[in-house]
Protein chains: 2
Amino acid sequence: LSAVKSIERSDLESQDVAAIVRAVGARARLAARELAQAPSSHKEAALRAMAAAIRSGKARILQANARDLDEAGSADRTPAFVDRLRLDPARVEGMSAGLEAVAILPDPVGQVIAEWDRPNGLHIERVRVPLGVIGIVYEARPNVTSDAGGLCLKAGNAAILRGGSESFHSSCAIVECMHEGLAAAGLPTAAIQLVPTRDRTAVGEMLAMTDSIDVIVPRGGKSLIERVQRESRIPVLAHLEGNCHVYVHSKATVAMAREVIVNAKMRRTGVCGAAESVLVDRAVAKSHLPPVIEALAAAGCEIRGDAEVGTLDPRVTAASEADWSTEYLDAILSVKIVGSLDEAIGHINRYGSHHTDAILTEDPVAAERFLAEVDSAIVLHNASTQFADGGEFGMGAEIGIATGRLHARGPVGAEQLTTFKYRIRGTGQTRP
Amino acid sequence: LSAVKSIERSDLESQDVAAIVRAVGARARLAARELAQAPSSHKEAALRAMAAAIRSGKARILQANARDLDEAGSADRTPAFVDRLRLDPARVEGMSAGLEAVAILPDPVGQVIAEWDRPNGLHIERVRVPLGVIGIVYEARPNVTSDAGGLCLKAGNAAILRGGSESFHSSCAIVECMHEGLAAAGLPTAAIQLVPTRDRTAVGEMLAMTDSIDVIVPRGGKSLIERVQRESRIPVLAHLEGNCHVYVHSKATVAMAREVIVNAKMRRTGVCGAAESVLVDRAVAKSHLPPVIEALAAAGCEIRGDAEVGTLDPRVTAASEADWSTEYLDAILSVKIVGSLDEAIGHINRYGSHHTDAILTEDPVAAERFLAEVDSAIVLHNASTQFADGGEFGMGAEIGIATGRLHARGPVGAEQLTTFKYRIRGTGQTRP
C-alpha cells in the first residue's frame, strides 16, 4: 500500500503519460487480488453505496457534464454526439438504478462449474474466478463509466476506464461517487479507476500493458473497435457490427412477417440487434412482401431491394452489392428474394456479421436447419432480432455483445467477465 | 466445390506462398462448414479409419521419416532434436492408438450447456458448436500432426497444420493416411490440411488470415510461442511456461513432502507440470528439508537454494534472483524458505507463471486459502504438480495446457476446442 501511495504521489501528478498509465495498471493489479477474494456481500454493498453516492451527487455530476458540454459545444459537433454526451436527472438516476440492478444479480465468482473424482482419488473442481483487470476503452457516453465499472466489480474484476476525452469531467465526477461507495464498503478505490489524463496517447499505452491488464473491452463505433483490435497486445472482447437478417421462409405467416420485421428493423434502429437485411423466399414474395413493405414505409423506413423486389413496390430503390454487407443503424433496410433455405443460409453466412439472425417459418424442419447452419452468435426462430440483449436474455446487465468466437460470444454479462481455475484436492497422490 | 478444385490446380501448384496459404484457408473454411454439421458417428468412423490407415501405412511413414532424418542429419542437430523428429514402429502405433482414444471420447458438439425460458415465452439454449478453423503451428514432432488433427476433427473443426520444415516428409505421409480415413468416412479431406510448402514465410501468412482461421494454437518451445503471440492477428491459445511450485506448509508431513516433491520434480523433468521451485515454511525447514534434499540428490537433482537452505546441506548451491523465475525443464530445483503462508502465496503470484502450484499441508484452512489465493490455472492440495495433464484430468486427450485467462485455461481438450451459440425459439415475439 505504501508503494501504491508513492506511485500516486510521484507519477499521477506528473505529466508523463506512460508513467501515469503504468501507475494506474499497478494499482489495478493490486486491487484485483483483493477483489478476487472479496465476499459477495461486500461487492453488493459497494454497488448499492455507489448507486446512492451517484444519486446524492447528482448536482455535482450534472455540473461536470455541463462543463463537458460547454467545451464540446465550441467545436463542430453532431446532434447525435451531443445527445450521447448529455446527462440529465433521469439519466443520472438511470445510472444509479443500473448499479442497483447489478447489485442483486447472483455473484458468479466461486461457482463450481463442474466437479468430478478421478480413479486415483483426486477430486477436481472447475471454479469461476475473476478475469483480473479489465480495460474499458469507450467514447463520450458518460453512463458507460458506471455501467462498465459496476459490472466489472460484480465479477470481482478491477476496471481501468478510459472514456472519451470529451466526457472527461462527467466521468471524473461519476468515478468520485463510485469511489465513495467502494470506500464505504471497505473495498479499494483502485477497483475502479479512470485514466487520469485526457492525453490521447494513453490508449496506446493501455493496449500494450500485457502485465497489468488481462482483457480489453472496447465500446463505441467501428473505428474505435478496429483500432483497438489492431493495436492491442492484450486479448480483446470486441463487438463488431450487427448486420442482422430476418429470413421469411415459404412457410411463414404474413402477419408474423409484418410484425416481426417492423419490430426487428424499427423498434430502435441504432442498436446492434436491429435487422439490416430481409430475405424472402420467392414462393411467398408476392403474398408476403407487399404488406411488409407497406408497414415499413408507413413507419418511415427506406427499402433497398434487388430487381425482383423493385417490381413489387415503386418505393423500393435499387440495392447495390455493398448494401448486403451494410449495417445501416438507421431506418433503411435491404431486401432480397432467395430461391431456397440453402440460398438464405449461404447469403447470411457470406454477408452477415455472425451476430444475430432470425428465420420466420411454421416449418420446424426448416427452422432447425437454419438454427444449426447459420453461423451466428444468436439464431432465432420466430422472434425479433432486437432480443439480442443481455437484459432480454435474463443476464441483468451486459457490457456489450461479443461477435468473436473465443471466450464470450453474444451478450457479455457478469458471468462472461470471469474465467475459471481447477482446484484439486488429494491425499498425497503422485503420478506413476 | 469446383471453385475449390480450381484453387487447388492454379495455386497449390504455384510457387506463390501467400496464394498457397490462402487457398488452404479457403478450403478449410468450406470444410469447417461441412464438419460443423457432421454427425458424431461420421467423425468417429473417420478417426478410426485414420488410425487404421496410419497402421497399415507404417512402412510409408517410416520411409518418409528416414528421409527427414537423413536431411536433418546433414545439419548440426542436437540429440534431443533428432529424438523428437524420429519415428519408430512403436511411435507410429502410438499415433493410431491416440486417434482411437479420441474416437471414443464424447462429442462436445451439439451439447446444450444451459437452457432457460423467459417470461415472454422465448426458450433460450446455449449450445456447443465448433470453433471453426484451427491453425496449429508446431515444430519437428511428427506425432503432433495426428494428435492435433484428430482432436480438432473430434470437435468439428477444420485444422490447418504447419509443422516444422524438418519433419515435412513425415507429416505429409501421416496426413495422406488421415486423408484416406476422412475419405473412407465421407468427410472432406480439407478437414485436415498440411500447409504444402516448406517455405518459412508461410507461418507469417497464416497468422494474418483472420478471415479463414479462427484460432491459432502454437505447440513448441518458448521462442515459437512468443513469435506467434507477437505476430498473430488471430486469437492465440498459448501455453507459455510452467514455473510450478510446491509449498511445504508448517503442517505438512515429512513423508508426503518427500514423496510428492520427488515425483513433482523428477518423474519427468521436461513436462510443463514439473515442479521448478519448492517453498518451505521456516517452522519445518530443519525437519522436512534434509530428507527432501537427500531424496532429490539421490535421484540426481541439483538444488539451488537461498542462504538458509544452503546451511542445511553442502550440496545446495546458491540461487540467484533469476532462479525464482526459471523453468528449468531439467533435473534442477530452486528452494526457498518462507516465513508464512502469505509469503508463499505472494512469492508464487509474483514469480510463478500461473500454471500449476501445490500446497502440502494437513491444515484444511491453510489449504483453502492457498487454493483460493494462488492465481494459477491449476492449484492442488496434497498432490503432485505432474497431474497437470488433460489425460490425468479425464479429458482423454489434450492439445496443450493454456496459460492465458480467456476461453480455455488449463488442459485444452476437445471441449475447449468448441465455442457456443444461442439458439432461441419463439412464437412471433417482438420486443416492446
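List of remarks:
- Helix axis angle, A:40-56 relative to chain A longest principal axis, alpha carbon, degrees: 80 degrees
- Dimensions in Å of region A:276-401 - Rg and Dmax from alpha carbons: 14.9, 45
- Area of B:GLU362 that stays accessible when all protein chains are in place (1.4 Å probe, Å², to 10): 100 Å²
- Range of Cα positions in region A:131-257 per principal axis (Å), largest first: 59, 34, 29
- Counting all C-alpha pairs of chain B, share separated by more than 36 Å (%): 36 percent
- Solvent-accessible area buried by pairing B with A, both sides, nearest 100 square angstrom, 1.4 angstrom probe: 5900 Å²
- For the protein assembly as shown, the orientation-averaged shadow of the C-alpha convex hull comes to 37.8 nm² (one quarter of the hull surface).
- Angle in degrees between helix A:364-373 and the longest Cα principal axis of chain A, rounded to the nearest 10: 50 degrees
- Counting protein heavy atoms only, the protein assembly as shown has 52 percent of its accessible area on carbon and sulfur, 1.4 angstrom probe.
- Within region A:353-408, the proportion of Cα pairs with more than 13 Å between them is 62 percent.
- Angle of helix A:17-36 to the longest C-alpha principal axis of chain A, folded into 0 to 90 degrees and rounded to 10: 90°.
- Pairwise Cα distances in region A:242-314 exceed 19 Å for 27 percent of all pairs.
- Region A:1-160 - Rg (one decimal) and Dmax (whole number), Cα, Å: 19.8, 71
- Residue-averaged 222 nm ellipticity for the protein assembly as shown, from DSSP H runs of 4+ at -39500 (n - 2.57), nearest 500: -13000 deg cm²/dmol
- Probing with 1.4 Å while keeping every protein chain in the model, the per residue accessible area of region B:313-432 equals 31 Å².
- Partner shielding of A:231-239 amounts to 1, given as the average count of beta-carbon atoms from other chains within 10 Å of each residue beta-carbon.
- Heavy-atom accessible area per residue - region B:235-308, 1.4 Å, Å²: 35 Å²
- Chain A has one residue whose beta-carbon comes closest to the axis relating it to chain B; that residue and its distance in whole Å are A:HIS407, 2.
- Cα centroid of region A:372-432 to Cα centroid of region A:309-352, whole Å: 30 Å
- Number of partner chain Cβ atoms within 10 Å, mean per residue of B:381-392: 5
- Over 30 Å apart at the Cα level, from the set B:LYS265/B:LYS286; A:LYS154/B:LYS421; B:LYS222/B:LYS265; A:LYS251/B:LYS43; A:LYS265/B:LYS154; A:LYS222/A:LYS265, are A:LYS251/B:LYS43; A:LYS265/B:LYS154.
- Using distinct alpha-carbon pairs, which all enter the 1/r mean, Kirkwood radius of region B:92-137 in Å: 13.9 Å
- Other protein chain Cβ atoms within 10 Å, averaged over every residue that makes up B:122-133: 3
- Solvent-accessible surface, computed for protein heavy atoms with a probe of 1.4 Å, shrinks by 10 Å² or more for the following residues of region A:27-50 when the other protein chains are added to the isolated chain: A:ARG33, A:GLN37.
- Checking every one of the trypsin sites (Lys or Arg not before Pro) in region A:154-202 against DSSP loop status and a limit of 14 other Cβ atoms within 10 Å picks out A:ARG198, A:ARG200.
- Theoretical FRET efficiency, 1/(1+(r/R0)^6), r = Cβ-Cβ of B:ALA208 and B:GLU302, R0 35 Å, to 0.05: 0.20
The values are calculated or read from the model by the stated rules, or taken from the named source; none is laboratory data. Quantities reported herein were computed from a predicted structural model and do not represent experimental measurements. Neighbour counts run over all protein chains shown; Cβ positions are idealised from the backbone, glycine included. Heavy atoms of the whole protein, side chains included, go into the accessibility calculation; ligands, DNA and RNA do not. Shrake-Rupley method; radii C 1.70, N 1.55, O 1.52, S 1.80 Å.
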